[in-house]
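> Here it is: the structure, laid out below.
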Amino acid sequence: MNILIWTYHRVLPKASSAAVSADEFERQIAYLAESGYKSIGPAELELFFNGKLPLYDKYTMLTFDDGWADNLIWATPILKRYSAKAVLALNTGLMNKEGRTIRKDGNYEIIDSKKALEESVYGKSSRSFLNWNEILDMKNSGLWEFQAHGNSHFGCYSKFGRIKGFFPEKPHWTMEYALGEPPFPGAPKVSFGSTLADKRTVMGSDLKDSLKKASGDAEWTRLCQAHPAPVEILETDEEFETRVETDLTECKKTILETLGVETSSLFWPWGQSSDASVRIAKKCGFKMLFTMEKDIVNRKTSPDSIPRIAAPANFADFKRQMTIYSNSIFRRIKKFF
Ligand SMILES: [Zn+2]
């Protein structure tokens, strides 16, 4: 038997980056319910890995990353209508520190995901994320369970293999952290590496200086690719270990102290981990580690690296993913779809 684990971030009236629309979310949840899927949490997944989950049901797992306030406003009523359960992986550093009121759609200002993350990670405003009273309200609904998504959510430059463009045309909310200074024209956008997976780096100052003096994508690309060591590693093995251990412990402790919930699962920021970070997470007491590697879960899946599928923003793609991943032959040839 296979289990498909879906990853969501936001549910909003209209689809946008990182958000599915509330109508689309309802279509997906209704389809899963009508098709006989039962939504499970990490405890049941652990039973599945141990061969103790009854196999007469079909299972799915709905997971949400970060802790967006829209999860309470738009996703919760839909989960309730279909008696579906979901798992919210909280990044405790992103949580709302500004308010205590439980918001409804009328008093929640919808802010673009990238801007909202930028505001929160640099300590400007955490208004797009849940406050602890809202999280408690979700807990009391009986529809949600809470797991860990770290305490920080930063990315650094790791490799320059795939440059996706340059600031200001291609901004990214973690760029300021990765550069060690506010973004400037010519700062490259890449696939940033999670600081909970690898050692913290910063772009070398000589490369920054030459990018600032140059202009145009062609010249910037050449400078990045020609540089023998574009990033400086800022941590030793011990410093990396201490930082990640402190971060994961802080997340675990905050959830325990505010919700009385002992977390067993860690959903890595951006789904990224490394051998070292997996070892540290297990040392912190996490038994199941979730990635964003696209695949189904079966009895042979390692609890150290549990794959999830990003829930598509439209129904045709959602059904297509279900078809591909529910069929072993399609799954093997999925690269052709
Ligand atoms: Zn995240």
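> Run the numbers on the chain and let me know its relative contact order in percent, using alpha-carbon pairs under 8 Å that are six or more apart. Kindly include the intermediate steps, with their values, before the conclusion.
Values: 635 pairs, mean separation 61.3, N = 337.
Computed value for the chain: 18 percent relative contact order.
> How many Å³ per residue does the convex hull of the Cα positions in the stretch 59-100 occupy?
72 Å³
> Based on Cα coordinates alone, diagonalise the gyration tensor for the stretch 1-126, multiply each eigenvalue by 5, take square roots, and list the semi-axes in whole Å, largest first.
In descending order the semi-axes read 29, 17, 12 Å.
> Rounded, prolate or oblate: which fits the stretch 224-337 when a ≥ b ≥ c are the square roots of the eigenvalues of the alpha-carbon gyration tensor, with rounded for a/c under 1.5 and prolate only if a/b beats b/c? Before the final figure, lay out the partial values.
Values: a/c = 2.29, a/b = 1.35, b/c = 1.70.
It is oblate, given that a/c is not under 1.5 and a/b is not larger than b/c.
> Okay, helix-only estimate at 222 nm for the chain: each DSSP H run of n ≥ 4 adds -39500 (n - 2.57), divide by all residues, round to 500 deg cm²/dmol; what do you get? Present the calculation step by step, with values, prior to reporting the outcome.
Working: 12 runs with 118 residues, N = 337.
One gets -10000 deg cm²/dmol as the mean residue ellipticity at 222 nm.
> As a test of the definition: which semi-axes, in Å, follow for the stretch 75-216 when you take the square root of five times each eigenvalue of its alpha carbon gyration tensor? Largest first, please.
Details: eigenvalues 260, 49, 36 Å².
With the √(5λ) rule applied to the stretch 75-216, the semi-axes are 36, 16, 13 Å.
> Taking the square root of 5 times each eigenvalue of the Cα gyration tensor, what semi-axes in Å does the equivalent ellipsoid of the stretch 80-158 have, largest first? Could the numbers behind the result be given before it?
Details: eigenvalues 108, 55, 27 Å².
Working from the Cα gyration tensor, I get semi-axes of 23, 17, 12 Å.
> Can you tell me the order of 203-213, 218-228, 21-31 when each peptide is scored by its average per-residue count of other Cβ atoms within 10 angstrom, highest first? Numbers along the way, then the final one.
Working: 203-213: 15.9, 218-228: 13.8, 21-31: 18.7.
Most protected by this proxy first, the peptides run 21-31, 203-213, 218-228.
> Counting residues in the stretch 159-261 as N, plug N into 2.2 N^0.38 Å and put the Cα Rg over that result. Let's see the in-between values first.
Numbers: Rg = 16.7 Å, N = 103, 2.2 N^0.38 = 12.8 Å.
Here the answer is 1.30, to two decimals.
> Kindly rank 65-75, 285-295 from highest to lowest mean number of other beta carbons found within 10 Å of each residue. Don't skip to the end; give the middle numbers.
Details: 65-75: 25.5, 285-295: 18.5.
Taking the mean over residues of other Cβ atoms within 10 Å, the ranking is 65-75, 285-295.
> Relative to the longest principal axis of the chain, what angle (0 to 90°, nearest 10) does the C-alpha long axis of helix 22-34 take?
That works out to roughly 40 degrees.
> Highest mean first, what order results for 101-109, 230-238, 138-146 on Cβ atoms within 10 Å?
Details: 101-109: 12.1, 230-238: 14.0, 138-146: 17.3.
Ranking, from highest mean packing down: 138-146, 230-238, 101-109.
> How are the C-alpha pair distances of the chain spread across 10 Å bins, as whole percents from the shortest bin up?
Histogram of Cα-Cα distances, whole percents per bin: 5, 24, 32, 26, 11, 2, 0.
> About its Cα centre, what dipole magnitude does the stretch 23-85 give when the only charges are +1 on Lys and Arg Cβ and -1 on Asp and Glu Cβ, stated in debye to the nearest 20? Before the final figure, lay out the partial values.
Numbers: 7 positive and 10 negative charges, 68 e Å.
Once rounded to the nearest 20, the dipole reads 320 debye.
Rule-based calculations on the coordinates, nothing more; no lab input. Computed from a predicted model, the values in this text were never measured in an experiment. Because the Cβ atoms are built from the backbone with ideal geometry, glycine has one as well, and the counts that use them run over all protein chains shown.
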